[in-house]
Amino acid sequence: MTATGKPLPLAPHGPDFGNPLASSQLIPLFSPFKLGPVMLPNRIVMAPMTRCTATEGVPGEGVANYYRRRAENGVGLIISEGIGVDHAAALGTGTLGETNLPVLHGARAFTRWKEIVDQVHAGGGRIFAQLWHQGPVRMPGTGPHPDALSCRPSGRWGPLCGNTSASAQYLAAVRVQTPPMTESDIADVIAAYGRTAANARSAGFDGLAIHGAHGYLIDSFFWAATNARNDAWGGSLRARTRFACEVIKEVRRVGGGLPIAFRFSQWKLQNYEARLVDSPTSLEALLCPLAEAGVDLFDASTRQFHLPAFTGSVRTLAGWAKHLTGIATMAVGGVGFSHELKESFAGDVLAADNAKVAAQAIECGEFDLIGIGRALLADPAWVGKLRTGALLPNFRTSMFTEANQDL
Ligand SMILES: Cc1cc2nc3c(=O)[nH]c(=O)nc-3n(C[C@H](O)[C@H](O)[C@H](O)COP(=O)(O)O)c2cc1C
């Protein structure tokens, strides 16, 4: 929302990239921000992006340089790609066929992540580890422990008629009902988050980012379509936050004061149109328990950051999270491009001059930080180019995998 109460306007892409005025409108993006003990030099955050480079859970050799280049080129904070927590069913093939995903346990993976963190620091940057458990999204029979049952609160993957990019082969494999998680399964997973958070702290990460979005495990406890439990882990929205709260508390317990970011979303990989909550009151019921459990930053994952979250108000999802909880928030989705993430799967998208809309929202206090995904895949020097008004890159669909070869 703007100070005048009007929706955030989207500028057309293109013509004024070279205009020196563009950089003065961007000034709010380049102001520092203190997140707990971590001082960020600007408001630009590299969003978590899975790169599929790992061998037996160990990130590829080029990954340290990949993150270092973004740090050297002015990204204020990097959130790592999703890192599987230390649990047998944390990782497997995902909706888009992702494999070769990293972990942070075992000497080789730990050492590689330590190298990555050291390189980011040497490049002048800061990096949080994204802690990830795929839960119901993990394709059964895949990943490092194919025999492990995928973790699902109620044995369901999700509604089978949702708008998803998943392949027919994937859908056939996941639609089978499985046994719901038991009390001891739940306790094991919470402990796994704690072990991985402790490893992240030892490896020197500057903060911990919990993936609670997109239909993965934590989100599947929030979502009524995947959580039909009638015990203390299900029922009301408040009860459905319990699992996330226990994870947050465990991560906080071992985190040694590192700041905790928590990503949540309305949309799910099982259904892009899904909605967890339909009103600010429900959003408050979702977020306030998480805030009390120890979140320092809410990362409101949307596909288009500027859109109103609910009818009747122009406030964005990140804006509501900040308004309702008083906690710092990050918006994400669509900065730098004419089309959102899911449309990039179907074809190339053009650069868009919309970062100034995010800058304006930060200036108005709507949210505090802005996440940048595809633009930082397309160009490690994107932040500098934005700042100086240089031509910004378009996003080619091939960049999803191209960057794996040329990190
Ligand atoms: C290649 C790729 C991998 C992604 N992997 C993750 C991930 O590991 N964890 C996550 O929370 N989001 C992931 N995302 C979503 C991004 O963090 C971001 O929210 C999304 O791309 C929207 O931002 P954008 O429009 O700036 O690209 C991924 C996105 C892309 C493009």
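The values are calculated or read from the model by the stated rules, or taken from the named source; none is laboratory data. Fair warning: this is a prediction, and the values are worked out from it, not measured in the lab. Here the Cβ positions follow ideal geometry from the backbone for every residue, glycine too, while neighbour counts run over all protein chains shown. With ligands, DNA and RNA removed, areas are computed over all heavy atoms of the protein, side chains included. Shrake-Rupley method; radii C 1.70, N 1.55, O 1.52, S 1.80 Å.
Worth a mention:
- Considering the conditions (1) at pLDDT below 95; (2) within 14 Å of the ligand (Cβ to nearest atom), Gly389 is excluded by exactly one of them, (2).
- Failed item in (1) among the polar types (S, T, N, Q); (2) within 13 Å of the ligand (Cβ to nearest atom); (3) open to solvent by 10 Å² or more (accessible area, probe 1.4 Å); (4) closer than 30 Å to Arg387 by Cα, with Thr53 passing the rest: (4)
- Boolean, Leu286 is more than 20 Å from Phe33 (Cβ to Cβ), touching a helix residue (DSSP H, G or I) at 6+ places or on another chain (Cβ under 9 Å) and either assigned to a helix (DSSP H, G or I) or small (Gly, Ala, Ser) (or both): yes
- Verdict on Gln270 being at negative phi and in contact with a Gly (Cβ under 7 Å, 6 or more places away or on another chain): yes
- In the range 201-209 there is no residue matching the filter, namely being farther than 20 Å from His105 by Cα and either under 20 Å from the mean Cα position of the chain (by Cα) or assigned to a loop (DSSP other than H, G, I, E, B) (or both).
- Filtering the range 336-347 to residues that are open to solvent by less than 10 Å² (accessible area, probe 1.4 Å) and closer than 18 Å to Ser265 by Cβ leaves only Ser344.
- For the range 214-263, the candidate set comprises residues that are crowded, with 21+ Cβ neighbours inside 10 Å and of a type in the set (Val, Ile, Thr); within that set, the residue that is nearest to Ala89 (Cα to Cα) is Ile218.
- In this structure, Leu350 does satisfy being within 16 Å of the ligand (Cβ to nearest atom), open to solvent by 20 Å² or more (accessible area, probe 1.4 Å) and farther than 19 Å from Val277 by Cα.
- Pick from the range 367-380, criterion open to solvent by 10 Å² or more (accessible area, probe 1.4 Å) and away from the ligand (no atom under 12 Å from the Cβ), ranking: farthest from Gly74 (Cα to Cα): Asp368
- Among the residues of the range 290-305, those that are under 19 Å from Gly255 (Cα atoms), outside any strand (DSSP E or B) and out of contact with any Leu (no Cβ under 7 Å at 6 or more places or on another chain) comprise Leu290, Ala291, Glu292, Ala293, Gly294, Val295.
- Screening Ala390 with (1) open to solvent by 10 Å² or more (accessible area, probe 1.4 Å); (2) closer than 21 Å to Pro32 by Cβ gives one miss only, at (2).
- Residues of the range 279-314 that are under 14 Å from Glu366 (Cβ atoms) and open to solvent by 40 Å² or more (accessible area, probe 1.4 Å): Leu307, Pro308.
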